[in-house]
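The values are calculated or read from the model by the stated rules, or taken from the named source; none is laboratory data. Source: prediction; values computed, not measured. When we count neighbours, we look across all protein chains shown, and the Cβ atoms used for this are built from the backbone with ideal geometry, even at glycine.
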Amino acid sequence: MQTALDLALGGISLGGIYALTAFALSMALATTHVLNVAHGNFIVFGAALATFLLNVLKLGGTATAAAVVVCFAAAGLLFERAFVRPLLGKTPGQILIGSILITFGFAVASEALLGYTWARRVDPQPSFSLTFPLARLTVGGAVLSGTRLFVLLATTALIAALHLFLTRTALGKAIRAMAQNYEAAVILGMNPRRISATVYLIGITATAAAGVLLALASPLDPYEGTRLTLVALTVIIIGGVGSLPGALIGGAVLGVAEVLTSFYAGGVWGPVVYLVVFFAVLLVRPQGLMGGRAG
Amino acid sequence: MHNPPFPESAQSAIRNPQSAMLEVSGLDVAYGDLRVLWDVSFSVGRGELVALVGPNGAGKSTTLRAIFGLVPVRAGAVTLQGVPLLPEPPYTRIRHGLSLVPEGRRFFPQMSVEENLELGCFALGARDGLRRELDRVYAVFPPLADRRRQAAGTLSGGQQQMLAIGMGLISHPLLLALDEPSLGLAPMVVDHLYEVVAGLKREGITVLLVEQQIYAALDLADRAYILETGRIRREGPGRALLADPYIRSTYLGLTPAPPPG
């Protein structure tokens, strides 16, 4: 019973992280037609920066959180300016191919740079990991992982904030509108450059935050970016592009499946799950389990 | 007459009170090596309903899209109340008071009817009168009021067209451009649609109507232009063109009109 509770909590909290990053990628894909292959790298960068600030520089939790937000908000804007803006105005097909090529180059270069710099300056065996102060909680006789509970609450809060932004603010509605019909949005006065910049500012920051939370759960190395991009893509395939409920369901499914697989077959087999799901879904229902709506 | 709510359009009205509302001159459009429009020129006066009609593939939609900056223009000029539009990016057209209801009933399918209409006001920024504007549109299109929380993609074709027109109107544009509004709609729905357009004309709203349904458009228009394979071939008052023998035989399949009296 205890183990089942642990597994459930672990699976859901991991699923929440996956849902958050998948939705960030999916929203960017739906509004700008850009597929950011380096998406997973920002998860790693978030973990890396937090590890550096907390463990190496010994800054407090609040200062670290603030620094992560500011840094990655700026990074999101820069990334959009450098890699997305030049593609504006091309056909969706051209944007897709172009963005995959550009961001792949960025992914390879940036993770190599991170790995090299960290190994030289900080630790020859780079590993990004954080510990949560209340790691073990006892609630009503059962021992729960305080870390996983915190992660679950944090991802819920972030996803809820994202949802409120998209449904209650003018800019949020404009982002959703542009994802559903680019031309109608432009005709009604929505500025594609401003919306593109906002999508990446929020998306990259949310992704880095997810990386910080992931580092609480398990250590990351600099080269896990590609694996994490694949996870996000699998969630999108399950849940559909541009859909938040879809991302939640897809994230939950993959999170639970990965945790169960790791538990029963050993940690190494965990990542196999989403490769299997990825190809299985593509073979059986290429338009995605949720039927290719949105976007 | 509705008051334009944008500073840009109001200023130009003061500057050029006598100019035609919309002036298009010498428009040349090509897609790569494929030339689509040749020296297209026309104008729309304040309060007029002007129709741009012609057969399939004549370049009517391309003309509207060129005015809105959605296709690249090789040469030519477009001014709204004397203000040149072509150098500006497409998303600024609505701020100048130019509203487009594009071909194919473009809106946001996963959002509700009311959210779609609210987005029609996006360029106006936050404003207090939003509820009043929504009610105004609902008064013109009662079926939309009944379905205000429904996802727009689930509406029928005719209702979607009403929604698209509502979204175009809600910002009180100086000029409303309609791109083939009757396309894909059943005849009875088209009749109702044209009643709505006639109503807009009675209210003094300036309308540029692009249509393939030539008879209905010419019947309603103050003036019309015939576009064939990228060139303006004929222009004149709507009723006069309806009596024109060339148009009657080519487009309406009718014998020449009997002489009056």
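Considering the stretch B:110-152 alone, what residues qualify as being of a type outside the set (A, V, I, L, M, F, W, C) and over 23 Å from A:L171 (Cβ atoms)? Residues satisfying the conditions are B:R132, B:D135, B:R136, B:Y138, B:P142, B:P143, B:D146, B:R147, B:Q150. If you take the residues in the stretch B:241-251 that are in contact (Cβ under 8 Å) with a residue 12 or more places away in the chain and under 15 Å from B:E228 (Cα atoms), which one is surrounded by the fewest Cβ atoms within 10 Å (Cβ to Cβ)? Within the stretch B:241-251, the match that is surrounded by the fewest Cβ atoms within 10 Å (Cβ to Cβ) is B:Y246. Taking the stretch B:44-91 as the range and being acidic (D, E) and under 14 Å from B:A177 (Cα atoms) as the test, only B:E48 passes. Figure legend. Inter-residue proximity from the stretch A:64-75: first residues surrounded by fewer than 17 Cβ atoms within 10 Å (Cβ to Cβ) and assigned to a helix (DSSP H, G or I), second residues modelled with pLDDT of 95 or more and among the β-branched types (V, I, T), beta-carbon distance below 7 Å, spacing 6+ or different chains. Indicated pairs: A:V69/A:T205; A:A73/A:T205. Could we say that B:F68 is within 14 Å of chain A (Cβ to nearest Cβ), among the aromatic types (F, W, Y) and touching a strand residue (DSSP E or B) at 6+ places or on another chain (Cβ under 7 Å) here? Considered against the rule, which asks whether it is within 14 Å of chain A (Cβ to nearest Cβ), among the aromatic types (F, W, Y) and touching a strand residue (DSSP E or B) at 6+ places or on another chain (Cβ under 7 Å), B:F68 comes out as yes. Picking from residues in the stretch B:102-129 that are outside any loop (DSSP other than H, G, I, E, B), among the small types (G, A, S) and under 19 Å from the mean Cα position of the chain (by Cα), the one that is nearest to the other protein chains (Cβ to nearest Cβ) is B:A123. Among the residues of the stretch A:104-122, are any touching a residue at least 12 places away in the same chain (Cβ under 8 Å), over 24 Å from A:A209 (Cβ atoms) and buried (at least 19 other Cβ atoms within 10 Å of the Cβ)? Scanning the stretch A:104-122 turns up no residue that is touching a residue at least 12 places away in the same chain (Cβ under 8 Å), over 24 Å from A:A209 (Cβ atoms) and buried (at least 19 other Cβ atoms within 10 Å of the Cβ).
Every listed requirement among (1) in a helix (DSSP H, G or I); (2) facing chain B (nearest Cβ under 8 Å) is met by A:L158 save one, (2).
When each of B:A20, B:A30, B:A58 is tested for being part of a strand (DSSP E or B) and at pLDDT below 95, the lone residue that passes is B:A30. A single member of A:A160, A:A184, A:A174 is small (G, A, S) and more than 30 Å from A:A252 (Cβ to Cβ), and it is A:A184. Of all residues in the stretch B:154-191, those that are more than 14 Å from every other protein chain (Cβ to nearest Cβ), crowded, with 17+ Cβ neighbours inside 10 Å and under 14 Å from B:L220 (Cβ atoms) total 3. Scanning the stretch A:128-139 for residues that are of a type outside the set (F, W, Y) and within 14 Å of another protein chain (Cβ to nearest Cβ) turns up nothing. When each of A:T229, A:T234 is tested for being crowded, with 24+ Cβ neighbours inside 10 Å, touching a residue at least 24 places away in the same chain (Cβ under 8 Å), out of contact with any Phe, Trp or Tyr (no Cβ under 9 Å at 6 or more places or on another chain) and away from every other protein chain (no Cβ under 14 Å), the lone residue that passes is A:T229. Residues in the stretch B:71-100 that are within 9 Å of another protein chain (Cβ to nearest Cβ) and part of a strand (DSSP E or B): B:S99, B:L100.
Evaluate the following for A:T138: is it exposed (fewer than 12 other Cβ atoms within 10 Å of the Cβ) and hydroxyl-bearing (S, T, Y)? Taking the combined requirement at face value, the residue satisfies it.
In the stretch A:180-192, the qualifying residues are those that are facing chain B (nearest Cβ under 9 Å) and assigned to a helix (DSSP H, G or I), and the one that is nearest to B:F107 (Cα to Cα) is A:A184.
Scanning the stretch B:205-240 for residues that are on the phi > 0 side of the Ramachandran plot and either touching a His at 6+ places or on another chain (Cβ under 8 Å) or touching a residue at least 40 places away in the same chain (Cβ under 8 Å) (or both) gives B:T229, B:G230.
Residues checked against (1) touching a residue at least 60 places away in the same chain (Cβ under 8 Å); (2) assigned to a loop (DSSP other than H, G, I, E, B); (3) hydrophobic (A, V, I, L, M, F, W, C); (4) within 19 Å of B:E235 (Cα to Cα):
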{"position": "B:V24", "(1), (2), (3), (4)": "no, no, yes, yes"}
{"position": "B:R35", "(1), (2), (3), (4)": "yes, no, no, no"}
{"position": "B:R46", "(1), (2), (3), (4)": "yes, yes, no, yes"}
{"position": "B:L52", "(1), (2), (3), (4)": "yes, no, yes, yes"}
{"position": "B:T63", "(1), (2), (3), (4)": "yes, no, no, yes"}
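In this structure, does A:T131 turn out to be among the polar types (S, T, N, Q), assigned to a loop (DSSP other than H, G, I, E, B) and either within 22 Å of A:G60 (Cα to Cα) or within 21 Å of the chain's Cα centre (by Cα) (or both)? Yes: the conditions hold for A:T131.
Given the structure, is A:L214 under 30 Å from A:F128 (Cα atoms), more than 9 Å from every other protein chain (Cβ to nearest Cβ) and touching a strand residue (DSSP E or B) at 6+ places or on another chain (Cβ under 7 Å)? Taking the combined requirement at face value, the residue satisfies it. Looking at A:F165, is it in a helix (DSSP H, G or I), under 22 Å from B:L117 (Cβ atoms) and either aromatic (F, W, Y) or more than 14 Å from every other protein chain (Cβ to nearest Cβ) (or both)? When the stated conditions are applied, A:F165 passes them.
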